[in-house]
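Structure record follows, encoded as C-alpha cells.
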C-alpha cells in the first residue's frame with residue numbers, strides 16, 4: 001500500500017504564507033477547479049444549468065462569487081468553476097453529471113496555482129504585476145492578463161483589499177517569486 | 001494603438017498578437033479540382049494593401065479570443081472589430 005503525502009503547488013506540506021508590512025501573499029491550496037465549455041447548439045441548456053448552480057451566469061470579465069460553487073467567465077460560452085477542495089475534490093465529475101451533453105468539462109485543479117493577495121498595498125502591488133485596471137475593478141470582476149510572462153486570472157474578491165490570482169501550476173514558484181518581488185517593492 | 005474588443009472594451013494592442021490576413025478564415029475546399037492551386041494561394045499569397053485591411057488578432061495576453069480587426073494600414077485607424085468565430089460562422093464555417 002502506498003503511503004503518499006500530498007504537496008501544495010509550491011511543494012510544501014502546508015500552504016506558504018508570506019507577510020509584508022502592508023500586504024500578505026497566501027498560497028491557497030483549497031480550491032478545486034473545472035472548466036466548462038458549452039457545446040454548440042446546447043448553449044441555452046448549459047446556461048440554465050450554470051444559473052441553477054451558481055445563481056447567475058457570469059458574463060464577460062465577471063465572476064460569480066457564490067458558495068460552495070463559484071465561477072468566472074473565461075471566453076464566449078466558457079467558464080471556470082471553483083469550489084472548496086475538501087468537499088468538492090471530484091468537481092469535474094459532478095459538473096459532467098450535471099451538464100451532460102450540454103457542455104464539455106475538464107478537470108483543472110492540477111493545472112492552476114492559487115494565491116490570495118490581501119492588504120492595503122494590494123492595488124499598488126497589482127499595478128506592478130499586470131495591466132488590469134485594479135482601482136476601477138469592482139467586487140466580482142475577473143480579468144485574464146499576463147503576470148511575469150505567465151497567463152493568469154486576477155479576480156477582485158468581496159473585500160476591497162483582496163485579489164485572487166490563478167496562474168499556471170507548473171510555474172507556481174516563478175509566479176510566487178514575481179509576487180514576492182512586487183510585494184517587497186511596495187513594502 | 002487601442003483595439004476595441006467586442007466583449008471586453010478598449011484594450012492596448014500590446015495585449016494582442018497579429019495573426020495575419022483575415023482571409024485565412026476561408027480555407028479552400030480540399031476536394032475541389034483546383035485544390036492544389038487554391039492551397040498554394042491560401043498558404044503563400046497575400047494582398048499588401050495601403051489602406052483598409054481585414055486582419056486576425058489573437059488576444060494572447062487577455063481572454064485568448066480571436067478577432068477580425070478592420071485596420072487602415074496607412075493611419076492605424078480601426079473601423080470595425082468582430083469576434084472571429086462570429087465572422088467564420090456567418091460564412092458557414094460552423095461545422
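What the table shows:
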read-out	value
Using alpha-carbon coordinates, inclination of helix B:35-44 to the longest axis of chain B, degrees	30
Label point 7 Å beyond Cα of residue A:89 along Cβ direction - residues of segment A:36-75 with amide nitrogen under 20 Å	A:68-70
Cβ-derived FRET efficiency at R0 30 Å, residue A:185 paired with residue A:101, nearest 0.05	0.05
Neighbour-count order for A:114, A:130, fewest beta carbons within 10 angstrom listed first	A:130, A:114
Order by protection proxy (mean Cβ within 10 Å, highest first), peptides B:85-94, A:153-162	A:153-162, B:85-94
Taking A:13, A:174 and counting other C-beta atoms within 10 Å, the order from fewest to most	A:13, A:174
Sum of -39500 (n - 2.57) over DSSP H runs of 4+, divided by residues of chain A (222 nm, nearest 500)	-7000 deg cm²/dmol
Virtual spin-label span in nm between residue A:1 and residue A:44, 7 Å along Cα→Cβ	5.3
Segment residue A:66-residue A:136, length gained on full extension (0.36 nm per residue, minus Cα span)	23.0 nm
Efficiency of FRET between residue B:48 and residue B:89 - r from beta-carbon atoms, R0 25 angstrom, step 0.05	0.35
Shielding score for A:139-145, defined as the mean number of other chain Cβ atoms within 10 Å	2
Inter-chain shielding of A:70-76 (mean C-beta neighbours from other protein chains, 10 Å cut-off)	3
Cα-based Kirkwood hydrodynamic radius, the protein assembly as shown, one decimal, Å	21.0
Using alpha carbons only: equivalent-ellipsoid semi-axes of chain B, gyration tensor based, whole Å	26, 16, 11
Packing-based exposure ordering (other Cβ within 10 Å, fewest first) of A:171, B:31	B:31, A:171
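Quick note: the coordinates plus some simple rules give every number you see, no bench work behind them. As the structure is a computational prediction, the values presented were derived from the model and not from experiment. We place every Cβ from the backbone using ideal geometry, glycine too, and count neighbours over all the protein chains shown.
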